[in-house]
Amino acid sequence: MKPILADLLRLLELERIEDNIFRGASVDLGGERVFGGQVLGQALTAASYTAGAREVHSLHAYFLLPGDMEAPIVYEVDVARDGKSFSTRRVVAIQHGRPIFNMAASFQSPEQGLDHQAAMPDVPGPEGLVDVRDAYPGDLEKVPEKMRRFLMRDRPFELRSVEPVQIVSPPRAEPRRHCWIKTVDRLPDNPDLHRNVLAYMSDFQLMVTATRPHGIHFTESNVQLASLDHAMWFHRPFRVDEWLLYAMESPNASGGRGFALGRFFTQDGRPVASTAQEGVVRVWSAPPRS
């Protein structure tokens, strides 16, 4: 397995320090706070550790405080309910004695039922598309050094955008995006692991969709994007080491907040997961004072 992917799996492995209490590490991805997908993935891992053979089908989370990248995160799991078919878990992530994140997740014993699905968007497949890191080589000279490092750092997954990627002078566009995504190497045959990794990846690119109609220049350092909440539903089995289409759209932005929806499809058109997120979207006339 490639080292960058092995690092992600280690990040999602938590240390059990007491009954239903776990501890996870933090990493610096080049931002100013712990990446929200990391906390989401680790919290889902913690909840899954207590759910036995039942599989998560939904989660609803709130980001309360920015995470400190220099400190570990403690996850406390409340075993709220274990019914005949469903189990409910509540998770609180704690740093420096304060909650920075909370989540409720529901797990279900596998069963058969009604089956229908929406059609996958008609977009080009991943073949012939380039990874987003290779989509803007000419623009990198025009962006701040910190942003350049973030854009070009190694990632544990490939991300190929269907729409053109422009970070300098982006045009106004429809609030929709389509990306093909998969891990850079094969993963073990563990369905919980694949769901946890997808939760981690679901936080990439989603809120940026809300900025597309406005032609925002991220290189001017006057934009604030921060996740407020994140919900996710898992519909069918999947593998994150095989191509998934991430179809994103933003139905609304108002009041200093943006709202975005996402759906994941396999290459053969099966919808396997959906997500929704609202976040702070602020643009100042000049960069804010620190």
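Please treat every number below as a calculation from the coordinates, not as lab data. Since the structure is predicted, the reported quantities are computational estimates derived from the model, not experimental observations. Here the Cβ is made from the backbone with ideal geometry for all residues, glycine too, and neighbour counts use every protein chain on show.
Against the chain, whose longest principal axis is taken from its Cα atoms, helix 36-49 shows a tilt of about 10°.
Taking 0.36 nm per residue of separation and subtracting the current Cα-Cα distance, fully stretching the chain between Ala119 and Leu64 would add 16.3 nm. Tell me whether the range 91-134 comes out rounded, prolate or oblate; compute the Cα gyration tensor, take square roots of the eigenvalues as a ≥ b ≥ c, and use a/c under 1.5 as the rounded threshold. Here the range 91-134 falls in the oblate category. Centroid-to-centroid, using Cα positions, the range 25-102 and the range 238-286 are 20 Å apart.
With the simple spin-label model, which puts each label point 7 Å out from Cα in the Cβ direction, the Ala173 to Asp189 separation comes to 3.9 nm.
Spin-label model, Lys2/Ala71: points 7 Å from Cα along the beta carbon direction are separated by 3.4 nm. The amide H of Ile100, built 1.01 Å from its N in the peptide plane, has Ala93, Ile94, Gln95 as neighbours under 5 Å, considering only residues 5 or more places off or on other chains. Going by alpha carbons, how many degrees (0 to 90, nearest 10) lie between the helix axis of 191-201 and the longest principal axis of the chain? Taking the Cα atoms of the chain, the angle to 191-201 is about 30 degrees.
For the range 179-263, the relative contact order works out to 46 percent when only alpha carbon pairs closer than 8 Å and six or more residues apart are counted. Taking a point 7 Å out from the Cα of Gln108 in the direction of its Cβ, the residues of the range 60-81 whose backbone N falls within less than 20 Å of it are 60-61, 80-81. If only the Cβ of Lys and Arg carry +1 and only the Cβ of Asp and Glu carry -1, the dipole of the chain around its Cα centre is close to 500 debye. Helix 3-12 and the longest principal axis of the Cα set of the chain meet at an angle near 50°.
Counting only C-alpha contacts under 8 Å and six or more residues apart, can you give the relative contact order of the chain as a whole percent? Computed value for the chain: 18 percent relative contact order.
Legend: calculated FRET efficiency, Asp82 to Trp284, from the Cβ-Cβ distance at R0 = 41 Å, rounded to 0.05, equals 0.25.
Extension gain, Tyr49 to Ala226: 0.36 nm times the residue separation minus the Cα-Cα distance gives 60.9 nm.
Hey, can you rank 203-210, 72-79, 6-13 by average C-beta count inside 10 Å, highest first?
203-210, 72-79, 6-13
Normalised by the number of residues in the range 66-112, the average gap of Cα pairs under 8 Å and 6 or more apart makes the relative contact order 32 percent.
Each principal axis of the Cα atoms in the chain has its own extent, and those three values, largest first, are 55, 45, 41 angstrom. Residue-normalised convex hull volume from the C-alpha trace of the range 169-282: 111 Å³ per residue.
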